[in-house]
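Following: one structure in structure tokens, then a few remarks.
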Amino acid sequence: ASINEYYDIAFKVMLLGDSAVGKTCLLVRFKDGAFLGGNFIATVGIDFRIWDTAGQERFRSVTHAYYRDAQALLLLYDITSKPSFDNIRAWLTEIHEHAQKDVVIMLLGNKSDMAAERVVKTEDGEKLAKEYGVPFMETSAKTGVNVDLAFQAIGKELKHRA
Ligand code: GDP
Ligand code: MG
């Protein structure tokens, strides 16, 4: 039996956000957790096909075609980088223009372990998320805080809509 037969549904999830916010680290952390720690994916019964943006975000050239067929988008900023937070509005505008109408979006404030260098308050992330009607969490790809929880929330929402 192929591994895919263990899963009910497969979803394309994409990681978006400015360069260096931690997209690749978050993906690596999630995959490690899924393989080493647990049975989360099997339990939820979904298979995430996660696409990382491999550097294109640096040149603002993540093509629309790239996420047009994504069912979920994880949009990241770095809590130690004000520009990465300020750019979230531009990302959301782009997304609303080009992504599927019913795409599941989640806003993540990453690097929550870097408390001393924090420049974006938790409540500012919450406010922005509320304004756009998307769920929000602060994560740390370094320590793993909230990483599984974020993917779990996305998974539940996707399954709900399927
Ligand atoms: P990407 O360009 O969005 O894919 O960002 P990367 O995943 O390559 O991470 C950029 C830098 O931030 C690297 O030096 C990572 O080690 C660091 N980084 C990523 N996530 C975290 C985190 O949660 N906490 C800390 N302290 N550093 C992080
Ligand atoms: Mg990367």
>> For the full complex of protein chains and a 1.4 angstrom probe, list D124, D78 by accessible area with the highest value first.
In response: D124, D78
>> Cut-off under 18 Å on the C-alpha distance; same-chain residues fewer than 8 positions from K111 excluded. Which lysines are left, in chain and number order?
In response: K23, K31, K82, K121, K142
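The values are calculated or read from the model by the stated rules, or taken from the named source; none is laboratory data. Because the structure is a prediction, the values reported are computed rather than measured. The accessibility values were calculated without ligands, DNA or RNA, using every heavy atom of the protein model including side chains. Shrake-Rupley method; radii C 1.70, N 1.55, O 1.52, S 1.80 Å.
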